[in-house]
Amino acid sequence: MFFDQVDFNSQFSYRLFFNSFIIFLADIAINLNTAIFNKDTIIVKRKLISKQYFLSTIFITDFLSLLVLSLKLFSSELIVQHEDDNLFKYGLNILIFLKLNGISQKKKRFDYIFTLTENQKHIIKLINQIASVITAAHIAALGWYFLGIQEIKSNQNSWLDKLGIQNNAYYEKYAYSIYWSITTMTTVGYGDIAATNYIEALYISVAMILFSCVFAYSINNIGFILQEIEKSSKQLNDDITTIQRYFLFLIDIMEVIN
């Protein structure tokens, strides 16, 4: 949607926001009906559960994100659908992502409910790290594209003009943007998409410092997780081998006794 200004589909946008609104409401209802821990005591009274939820920062972010979704449902003017939209619309839409504030708490609930094996835990951690890399690359791509269209609005040369893709389809512009962000994060930098002015050079410098650190941290964690998976598999094979030897030893003893 961010890249598709020419063929913007308002019906698709409305359905997306409506479904998100229902999911956010359901999440609030679940929070109000989920038992909580307080000093090693399980609290099941809804009054106390509601009080703690309403006084938490999670409720504030949930309320703000739900409020923004409500405004977008009743007023299509608040939906970012063109590159000429002002910064207020962009900022208002970003408030929806305050919903991410409660993800860590939901992850803890998931851990309480499901008992996973070590390999399953490692696989989930691996998926989380890969998702973190993809998310960081996606955010960097959005910022890079947003900078380009703001420069075009100001009648300045931008990387979009240099490549000649300012009027291309949205998926082509996204492909170039995500390609640039990945090559920047991995410090490969082929040089085919480069800064055309000092503003883009400044953005690239900041992005390289921030997102390359995210990439390096995630890759290091991925390597550690893969080592743990290999160690767990090796331990399992060693245990199986030990059991097999034990049974062979018992068989030998039984033959000697016979």
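The values are calculated or read from the model by the stated rules, or taken from the named source; none is laboratory data. Nothing here was measured: the structure is a model prediction, and the numbers come from that model. Don't worry about glycine lacking a Cβ; one is built from the backbone with ideal geometry, like all the others, and counts go over all protein chains shown.
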Evaluate region 98-113: report whether one residue or more is out of contact with any strand residue (DSSP E or B) (no Cβ under 6 Å at 6 or more places or on another chain), of a type in the set (Lys, Arg) and not assigned by TED's automatic domain parsing to the domain that holds residue 37. no
Does residue 203 satisfy the criteria of being over 24 Å from residue 126 (Cβ atoms) and aromatic (Phe, Trp, Tyr)? yes
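For (1) aliphatic (A, V, I, L, M); (2) outside the structural domain of residue 91 (by TED's automatic domain parsing); (3) closer than 24 Å to residue 92 by Cβ, each residue gets a yes or a no:
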| site | (1), (2), (3) |
| --- | --- |
| 35 | yes, no, no |
| 38 | no, no, no |
| 44 | yes, no, no |
| 49 | yes, no, no |
| 58 | yes, no, yes |
| 65 | no, no, yes |
Matching residues in region 213-242 - criterion: being surrounded by 11 or more Cβ atoms within 10 Å (Cβ to Cβ), farther than 18 Å from residue 182 by Cβ and among the hydroxyl-bearing types (Ser, Thr, Tyr): 232, 233
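For region 100-204, please list each of the helices (runs of 4 or more DSSP H) lying entirely inside it that holds at least 1 residues being within 17 Å of the chain's Cα centre (by Cα). Break it down into steps so the answer makes sense when it comes.
Details: elements: 103-113, 118-153, 159-163, 170-185.
Here the list reads 103-113, 118-153, 170-185.
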Count of residues meeting criterion [within 16 Å of residue 208 (Cβ to Cβ) and in contact with a Phe, Trp or Tyr (Cβ under 6 Å, 6 or more places away or on another chain)] in region 149-179: 1
Any residue at all in region 13-21 that is of a type outside the set (S, T, N, Q), modelled with pLDDT of 75 or more, more than 30 Å from residue 165 (Cβ to Cβ) and outside the structural domain of residue 149 (by TED's automatic domain parsing)? yes
Scan region 118-139 and report the pairs whose first residue is in contact (Cβ under 8 Å) with a residue 60 or more places away in the chain and whose second residue is among the aromatic types (Phe, Trp, Tyr), with Cβ atoms within less than 6 Å and a gap of 6+ or a chain change. 136/211
